[in-house]
Amino acid sequence: MMAKVKAHARWVENTRSIVDNTRTHSIVLDVETTKGGTDSGPTALELSLTSLTGCAITIFADVAKKSKIPLTKMEVEVEADKSPDSPVISNVNLKVRIAGKARHELLEAAWRGTEANCPVLFIFKESIPVKVETEIISE
């Protein structure tokens, strides 16, 4: 049986919502004031890019640990193009800076292992079907 990974969102007001992982962690999402929000949190799109950077670090740190590679520094930045006329992003560019007490080749191999095992990177690289179910509740 497949394990389920879950998330939940609840509208608060205007464009603000609270999203959570159905465990104990939540994040406020909103849009910037120029788009009618209160800028009280990142947008969902920004959070998806943030998730990509965090996943890269988490998986790389795990691969390095299992490979007994002592890390000294790691930073990940992501940029994507987004037209103001479209909700879609393109040209996602992930910049990774890694320092560790290991040969260059070992660090590169660990990064290749990260690319092969980072679930969020997979979401960005591959098309995953999404089934949508809508329930309208009368009040």
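Every number in this text was worked out from the coordinates using simple rules, so none of it is lab data. All values reported here derive from a predicted model rather than from experimental measurement. As a convention, Cβ positions derive from the backbone with ideal geometry for all residues, glycine included, and neighbour counts pool all protein chains shown.
Structural remarks
- Single residue of region 53-101 satisfying the filter (among the polar types (S, T, N, Q) and surrounded by 10 or more Cβ atoms within 10 Å (Cβ to Cβ)) that is farthest from the chain's Cα centre (by Cα): Ser67
- First in region 100-123 and in contact (Cβ under 8 Å) with a residue 24 or more places away in the chain, second anywhere and surrounded by 11 or more Cβ atoms within 10 Å (Cβ to Cβ) and acidic (Asp, Glu), Cβ under 8 Å, 6 or more apart: Leu121/Glu115
- For Val88, the stated conditions do not hold, so it cannot be described as in contact with a strand residue (DSSP E or B) (Cβ under 7 Å, 6 or more places away or on another chain) and farther than 24 Å from His104 by Cα.
- Whichever residue in region 54-99 is of a type in the set (Gly, Ala, Ser) and assigned to a helix (DSSP H, G or I) and, among such residues, is farthest from Ile123 (Cα to Cα): Ala64
- Restricting attention to region 15-40 and to residues that are in contact with a helix residue (DSSP H, G or I) (Cβ under 8 Å, 6 or more places away or on another chain) and surrounded by 15 or more Cβ atoms within 10 Å (Cβ to Cβ), the residue that is nearest to Asp81 (Cα to Cα) turns out to be Leu29.
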